[in-house]
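Note sheet for the following structure.
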Amino acid sequence: MHNIVKVYGDKEHPLTVLHGISAKIPAGSYCSLTGASGSGKTTLMNILGLIDRATSGHLIINGRHTETLNDDEAAHFRNETIGFVFQAFHLLPSMNAIDNVSLPLAYRGLSRQERKKEAEYWLSMVGLENRLEHYPDELSGGQKQRVAIARALITNPKILLADEPTGNLDSQSASEIISIFENLNQELKMTVLIVTHDPSIAQNCKSQIIMKDGLIIDQVGLP
């Protein structure tokens, strides 16, 4: 990230949310992003995930200058490179676990059989091999988040972005979800960035970015 600025509104009523963010997160990092509500961390997460675009500045991901990508190129790059896990799960209620997890592969032209096989693998990796046919309303909060993680992983992303992934979970489920993230980082060398309000989760990360009022006010464990 090089001098990332994000402004909403128009020229007469601008609202600057990010005031020039610069940081380098090396491949294989296990990093937290913290700050009070309104600090800009979710806006920054959306820019890092190519869901939103910076008003100015440069974002380089895996060697790619993302500001040069058009919308279609950005969507393709996002699908190939980045996985997302959200607080609200965002599972489709009309689909069972297998179909929810396999959905991202539909954009790659794989057959249903191939998608199902991949979905079964990743669901087993997060401990849900006995919940393959269950629908979201038949799953606990922790199980729903595991489905969401499997869905994020099915594209074999290099980067996993998690926005308050334990916010809707009890302490036991939250601990289990964080253990999954740690294993992904350690065993698959996946870059993991977690937005969190939980200081215990942040302190457990190998590196930390702390934000306030649209600025990074501290970095720990980063170059």
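Of Thr42, Leu92, Cys31, which is farthest along the charge dipole of region 1-105 in the positive direction, counting Lys and Arg as +1 and Asp and Glu as -1 at C-beta?
Value computed over the given set: Cys31.
Could you give me the ³J(HN,Hα) list for region 211-219, computed from phi with Karplus coefficients 6.51, -1.76, 1.60 and θ = phi - 60°, whole Hz, x at Gly and Pro?
Result, rounded to whole Hz: 10, 7, 6, x, 10, 7, 9, 6, 9.
Per residue, how much accessible area does region 4-220 show when a 1.4 Å probe rolls over the protein heavy atoms, in square angstrom?
50
Highest first, please rank the peptides 18-27, 122-131, 44-53 by the mean number of other Cβ atoms sitting within 10 Å of their residues. Spell out each step's value before the answer.
On the way: 18-27: 16.0, 122-131: 17.6, 44-53: 19.1.
In descending order of packing, they fall as 44-53, 122-131, 18-27.
With charges set only on the Cβ (+1 for Lys and Arg, -1 for Asp and Glu), what does the dipole of the chain come to about its Cα centre, in debye to the nearest 20?
Charge dipole, the chain, about its Cα centre: 460 debye, nearest 20.
Multiply the residue separation of Ser37 and Tyr135 by 0.36 nm, subtract the distance between their alpha-carbon atoms, and state the gained length in nm to one decimal. Walk me through the intermediate numbers first.
Numbers: separation 98, 0.36 × 98 = 35.28 nm, distance 3.26 nm.
Between Ser37 and Tyr135, full extension yields an extra 32.0 nm.
Just Gly83, Gly63, Gly40 to compare: in a GNM of the chain, with alpha carbon springs under 10 Å, which one fluctuates most?
Taking springs between Cα atoms under 10 Å, the residue moving most is Gly63.
When DSSP assigns beta bridges and you keep just the ones with both residues in region 4-220, what percent turn out antiparallel, to the nearest 5? Could the numbers behind the result be given before it?
Details: 13 of 31 bridges.
Around 40 percent antiparallel, to the nearest 5.
Hey, any idea what % of the chain's accessible area is carbon plus sulfur with a 1.4 Å probe?
49
Under the √(5λ) rule applied to the eigenvalues of the Cα gyration tensor, what semi-axes describe the equivalent ellipsoid of region 129-223? Give them in Å, descending.
Calculated on Cα positions only, the semi-axes equal 26, 16, 11 Å.
To the nearest 0.05, how large is the calculated FRET efficiency for Ser200 and Gln113 if R₀ is 35 Å and r is the Cβ-Cβ distance?
Computed FRET efficiency for Ser200 and Gln113 comes out at 0.25.
Can you tell me which of Leu132, Leu69, Leu105 moves the most in a GNM of the chain? Springs connect C-alpha atoms under 10 Å apart.
Leu69
Using the Cα atoms of the chain to build a convex hull, what is its mean projected area in square nanometres?
Values: hull surface 50.6 nm².
Across all orientations, the chain yields a mean hull projection of 12.6 nm².
State the answer as a single residue: which of Ala152, Thr191, Ser171 lies farthest towards the positive end of the charge dipole of the chain, with beta carbon charges of +1 for Lys and Arg and -1 for Asp and Glu, about the Cα centre.
So the residue we want is Thr191.
The values are calculated or read from the model by the stated rules, or taken from the named source; none is laboratory data. Given the structure is predicted, the values throughout are model-derived calculations rather than measurements. Reconstructed Cβ throughout: ideal geometry from the backbone, glycine too, with neighbour counts over all protein chains shown. Accessible surface is based on the protein model in full, side chains and every heavy atom, while ligands, DNA and RNA are left aside. Shrake-Rupley method; radii C 1.70, N 1.55, O 1.52, S 1.80 Å.
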